[in-house]
Amino acid sequence: MPTQGFCTVIVGCQWGDEGKGKIVDVLAEGVDIVARYQGGANAGHTVHVGEDEFILHQIPSGVLHPGRRCLLGNGVVLDIRQFFEEYDELLERGVELEGRVGVSRRAQLLLPYHKLLDKAVENAAATKIGTTGRGIGPAYEDKAGRRGLRVADLGNPERLHKRVAAAQERIMRRLEQLGAGVTDELEAAMEEALGLGERLLSIATDTGPEITDALNAGKRVLLEGAQGTALDLDHGTYPFVTSSNTTAASAATGTGIGPTSIDAVVGVVKAYTTRVGEGPLPSAFSPEMDEHVRTLGSEFGATTGRPRRCGWFDSVLARHAARVNGLTGLAVTKLDVLDTLPTLEVATAYRMPDGSIAENFPADTWSLSSVEPIYESLPGWQAPTGEVRKLEDLPSNARAYLDRIEELSGAPVRWVSVGTKRSQIIPVG
Ligand code: GDP
């Protein structure tokens, strides 16, 4: 990475859980600021430092590198209680945070009633989205509906309480319509959340000017995406998506910098595919293979513990991600999980229900359930890769697999991750 002002976006290119946390953690070594630009506590980045495991939901993964400034941009929906739980846990575990974490004054507040509503809507829905129940959808709905509350509102108690009362009344009516009960716990949870307002204001900032000034001063910045391209509100498998734009363009909107300030976009892809929650997964494995790879790759959600569905690498999706995000490079993770497989398949195109061949990711999500992926077989390498640190030391079949991923995706492979540890990374080129 160059030494002068440089801004890199890290974005998931599948259905999330690609290992962005690990890649951000590795790249954070060479930067000054790491900022989140969308999502909320529905993200779950797992980072291993030595023998310690950290699961970060809202605070950027760069926090585990001493001295890096970690920001939450205006594009995030901030669950104050969970944010401080995470913050205090990091403090308890000895992570120095003084002056290191900042939250945009423009960030939306996710309040306890959003969570109640999220669960009630999902329970009542005919088509389940498979939400994490963390209130993300309702909080973004309030944002788009111009009824949301922002961090800055915490500075004016009178206005805040008026707006909270109005929001609560509205949400109670919706809950009633949905046949969901409201417990006394809501009142206490609201009090607790708003009681943390002063504390939050003490670390509030304006992320746009802060990041722009840092870049102008020659600093290096990472903008960290949550979830993945196939979960993007516009470019993903709508309606089985998250409620924000996860893709790289959103990194500018979600932090308050201009798009021309972005210098590079690194797309994170697993060497295979996984999906948690509802919705189609075109390159899904057979049930036996699914179970096998889920075990090999420990594919269970960091936020919900739900088993992830697994499948072959899908280059139709990877090409879509490369274009939508304008990828300048790929980070391929979990190559080691495939070490024992004798043969690997890669989806190169989809045969659509009408017999036509699609090389671009189709807009009609419902058709994705009945597409037939066209696979190309590649020989496995059947050798351990966890200790490899140089590309040329990888088995030749593993290199051929990476070459094919690069060719089909249209973006150069820049990093290969071969294990959970920080050291288990192969820089390419
Ligand atoms: P994220 O949300 O994209 O950060 O992904 P998660 O944290 O949900 O999932 C990634 C999981 O895979 C974590 O437990 C990581 O420690 C683990 N992981 C990341 N890279 C690798 C890798 O190269 N090999 C293996 N075996 N595990 C990895």
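For the range 125-158, the set of residues classified as assigned to a helix (DSSP H, G or I) and open to solvent by 60 Å² or more (accessible area, probe 1.4 Å) consists of 141, 143, 144, 157, 158, listed by residue number.
So that you can scan it fast, the table gives a plain yes or no per residue for (1) outside any loop (DSSP other than H, G, I, E, B); (2) open to solvent by 40 Å² or more (accessible area, probe 1.4 Å):
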| site | (1), (2) |
| --- | --- |
| 77 | yes, no |
| 85 | yes, yes |
| 89 | yes, yes |
| 96 | no, yes |
| 102 | yes, no |
| 106 | no, yes |
| 113 | yes, no |
| 116 | yes, yes |
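Considering the range 220-272, the residues that are closer than 21 Å to residue 29 by Cα and of a type in the set (Asp, Glu) include one that is least open to solvent (accessible area, probe 1.4 Å), namely 224. Just one of (1) assigned to a helix (DSSP H, G or I); (2) in contact (Cβ under 8 Å) with a residue 12 or more places away in the chain; (3) under 24 Å from residue 16 (Cα atoms) fails for residue 122. It is (2).
Residues considered: 179, 195. Of these, the only one that is exposed (fewer than 13 other Cβ atoms within 10 Å of the Cβ), more than 30 Å from residue 327 (Cβ to Cβ) and in contact (Cβ under 8 Å) with a residue 12 or more places away in the chain is 179. Checking 229, 212, 237, 253 one by one, the residue that is within 16 Å of the ligand (Cβ to nearest atom), at negative phi and of a type outside the set (A, V, I, L, M) is 229 and no other. Counting only strands (runs of 3 or more DSSP E) that sit wholly inside the range 4-64, those with at least 1 residues that are open to solvent by 20 Å² or more (accessible area, probe 1.4 Å) and more than 10 Å from the ligand (Cβ to nearest atom) are 6-12, 45-49, 52-56.
Need at least 2 residues that are away from the ligand (no atom under 16 Å from the Cβ) per element, so show me which strands (runs of 3 or more DSSP E) inside the range 345-429 make the cut, counting only ones lying wholly within it.
So the answer is 372-379.
Is it the case that residue 340 is more than 21 Å from the chain's Cα centre (by Cα), assigned to a strand (DSSP E or B) and of a type in the set (Val, Ile, Thr)?
Against the criterion (more than 21 Å from the chain's Cα centre (by Cα), assigned to a strand (DSSP E or B) and of a type in the set (Val, Ile, Thr)), residue 340 does not qualify.
Consider residue 291 carefully, then state whether it is of a type outside the set (Ser, Thr, Tyr), open to solvent by 20 Å² or more (accessible area, probe 1.4 Å) and closer than 29 Å to residue 134 by Cα. So residue 291 passes the test.
If we keep just the residues of the range 311-337 that are within 16 Å of the ligand (Cβ to nearest atom) and over 20 Å from the mean Cα position of the chain (by Cα), which is nearest to residue 299 (Cα to Cα)? My answer is 337.
For (1) out of contact with any strand residue (DSSP E or B) (no Cβ under 9 Å at 6 or more places or on another chain); (2) within 13 Å of the ligand (Cβ to nearest atom); (3) without any contact (Cβ under 8 Å) to a residue 60 or more places away in the chain, each residue gets a yes or a no:
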residue	(1), (2), (3)
278	yes, no, no
285	no, no, yes
288	yes, no, yes
291	no, no, yes
295	yes, yes, yes
299	no, yes, no
305	yes, yes, yes
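With 375, 401 as the choices, which residue is in the same structural domain as residue 360 (by TED's automatic domain parsing) and out of contact with any Asp or Glu (no Cβ under 8 Å at 6 or more places or on another chain)? From the options 375, 401, the qualifying one is 401. Taking the criterion of being over 21 Å from residue 20 (Cβ atoms) and β-branched (Val, Ile, Thr), the only residue of the range 378-429 that qualifies is 388.
The values are calculated or read from the model by the stated rules, or taken from the named source; none is laboratory data. Not measured: the values here are computed from a predicted model. Glycine also receives a Cβ, built like all others from the backbone with ideal geometry; neighbour counts cover every protein chain displayed. Ligands, DNA and RNA are excluded from the accessible area calculation, which covers all protein heavy atoms including side chains. Shrake-Rupley method; radii C 1.70, N 1.55, O 1.52, S 1.80 Å.
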